[in-house]
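Remarks on the structure that follows.
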Amino acid sequence: MATRRLYYGDSYQREFGAQVLSCEPEARGTTPAWTVVLDCTALYPTSGGQPNDLGKLGDANVLDVRDDEDDIVHVVDRQLPVGSVQGCVDWARRFDHMQQHTGQHLLSAMFQERFGRPTVSFHLGSDLCTIDLRGPEPTEEILEGAERAANQIISEDRPITVRYGTAEEFAEIGVRKEVQRSGILRAIEIEGADLQPCGGTHVKSTAQIGIILVRRCTKMRQDWRVEFVCGRRAARVARHDFQLLYRTAEELKCAPEDLPASAQRAIGERDSHFKNLKALLQRLAESDATVALNAARPEANGLCVIARTFDEASQPEYLSHFATQLAKSERTVALLSRSGGDLIFAQHPTAGKDMNALLKQVLAEFAGKGGGTRDFARGKLSDPAQGEQAVTLAARLVSAG
Ligand SMILES: [Zn+2]
């Protein structure tokens, strides 16, 4: 015997009496659960893009509600005896679903009627709802236009009713949606706006949708996914958006309406500071290199070898500039490392060594990777703590060779 679906006749029924026909244990993670079949229920099972209801059956909490062919299966957290039971629906959750779901009917109808964009799928998430539209990318005018048209119909408080008929009867009065089921179908009519076959739960007049707020539109394979929220959710989302704007404006010390200009200015300043920093790093490296060259004494082989290890606070660009500047001086070799594992070996061509070969030799001793040219090579050690040892080895190899 099929479960009688009380929500078909009255979506506003929050409490109901029913008979428990069966109650079986269900394997569900580590918490014990039972599946219950009733003769009738006001609890909605996950289907048609609308999530399941929650609520209570007697003292048991309802964890899930799902379709099982013609039956509805309730998953509950404690065993129920066969016989009479009182059930109730978590109304805040259900009413939210009814607002979102009915809003979707209306919004889809507006995209279709006004802009020729059919809805190919619908999803009601815990935060956002989405519809996927087929056709070319909806412009800002289309998104706003559909939202405005839907909100106009909401403000007109039009009745929403359930109609029954066959697929042929509905097709005759212009229902486009194809349905696989035969026999008598249930359809939802928003007066003068939409008629759709649907087994979900809906509010009884458009005013109860509250408001529709269309948000982002993104490409989803061949379709366009439009995010939207209705009713209390829309108020929550708008409040959240405002708080984000307000907090960001406080950070940038401007009015929310000046945010785009302020953000642009802040990014411009950041970019110019970054440019200045780079120029200053180069100048610093150049002057440090001059000091280092003045203090250096040539070795017995006539080469001036400058070996140094820098801490992590030194920028990698600084090291590059420092090495490049040292290597401008004749018969000079620069062997640099930085905690973090960076290595730079550079020379003036008159030094006559091969920095790439030297780096390969050092990397054969210490794990890492890198490469370069005869005069400039760059590497990275796997163990960032070995920089100083690597430079010491390189200096020994240069002096010996
Ligand atoms: Zn529906």
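Of the set (1) closer than 19 Å to A238 by Cα; (2) part of a helix (DSSP H, G or I), all apply to D127 but (2). As a summary of the residue check, K204 satisfies the conditions (1) modelled with pLDDT of 95 or more; (2) closer than 25 Å to T139 by Cα; (3) surrounded by fewer than 19 Cβ atoms within 10 Å (Cβ to Cβ); (4) not small (G, A, S) except for the one numbered (2). Name the residues in the stretch 344-401 that are touching a residue at least 40 places away in the same chain (Cβ under 8 Å), among the small types (G, A, S) and assigned to a loop (DSSP other than H, G, I, E, B), would you? Of everything in the stretch 344-401, those that are touching a residue at least 40 places away in the same chain (Cβ under 8 Å), among the small types (G, A, S) and assigned to a loop (DSSP other than H, G, I, E, B) turn out to be S382, G401.
Any idea which residue in the stretch 38-51 is surrounded by the most Cβ atoms within 10 Å (Cβ to Cβ), counting only those that are assigned to a loop (DSSP other than H, G, I, E, B) and in contact (Cβ under 8 Å) with a residue 40 or more places away in the chain?
Within the stretch 38-51, the first condition is being assigned to a loop (DSSP other than H, G, I, E, B), and the residues that meet it are 39, 42-46, 48-49, 51.
Subset that is in contact (Cβ under 8 Å) with a residue 40 or more places away in the chain: 42-44, 48-49, 51.
Working: A42: 26, L43: 27, Y44: 30, G48: 14, G49: 18, P51: 21.
Among residues in the stretch 38-51 that are assigned to a loop (DSSP other than H, G, I, E, B) and in contact (Cβ under 8 Å) with a residue 40 or more places away in the chain, the one surrounded by the most Cβ atoms within 10 Å (Cβ to Cβ) is Y44.
Yes or no: the stretch 213-221 includes at least one residue that is farther than 18 Å from R233 by Cβ, within 16 Å of the ligand (Cβ to nearest atom) and surrounded by fewer than 16 Cβ atoms within 10 Å (Cβ to Cβ). For the stretch 213-221, residues farther than 18 Å from R233 by Cβ, within 16 Å of the ligand (Cβ to nearest atom) and surrounded by fewer than 16 Cβ atoms within 10 Å (Cβ to Cβ): absent.
So if I check each of A249, A146, A150, which one is outside any loop (DSSP other than H, G, I, E, B) and either at pLDDT below 95 or more than 21 Å from L124 (Cα to Cα) (or both)? Before the answer, list the steps.
Numbers: A146 fails: either at pLDDT below 95 or more than 21 Å from L124 (Cα to Cα) (or both); A150 fails: either at pLDDT below 95 or more than 21 Å from L124 (Cα to Cα) (or both).
The unique qualifying residue is A249.
For the stretch 90-107, the criterion of being in a strand (DSSP E or B) and of a type in the set (V, I, T) is met by no residue. From the list A149, A171, the lone residue that is more than 17 Å from V229 (Cα to Cα), more than 16 Å from the ligand (Cβ to nearest atom) and surrounded by 14 or more Cβ atoms within 10 Å (Cβ to Cβ) is A171.
Hey, does the stretch 153-160 have a residue that's within 16 Å of the ligand (Cβ to nearest atom) and of a type outside the set (A, V, I, L, M, F, W, C)? Within the stretch 153-160, one or more residues are within 16 Å of the ligand (Cβ to nearest atom) and of a type outside the set (A, V, I, L, M, F, W, C).
Among the residues making up the stretch 52-82, those that are out of contact with any strand residue (DSSP E or B) (no Cβ under 6 Å at 6 or more places or on another chain) and either assigned to a loop (DSSP other than H, G, I, E, B) or within 16 Å of the ligand (Cβ to nearest atom) (or both) are D59, E69, D70, P81.
The values are calculated or read from the model by the stated rules, or taken from the named source; none is laboratory data. Small disclaimer: the values here were computed from a predicted structure and weren't measured. Here the Cβ is made from the backbone with ideal geometry for all residues, glycine too, and neighbour counts use every protein chain on show.
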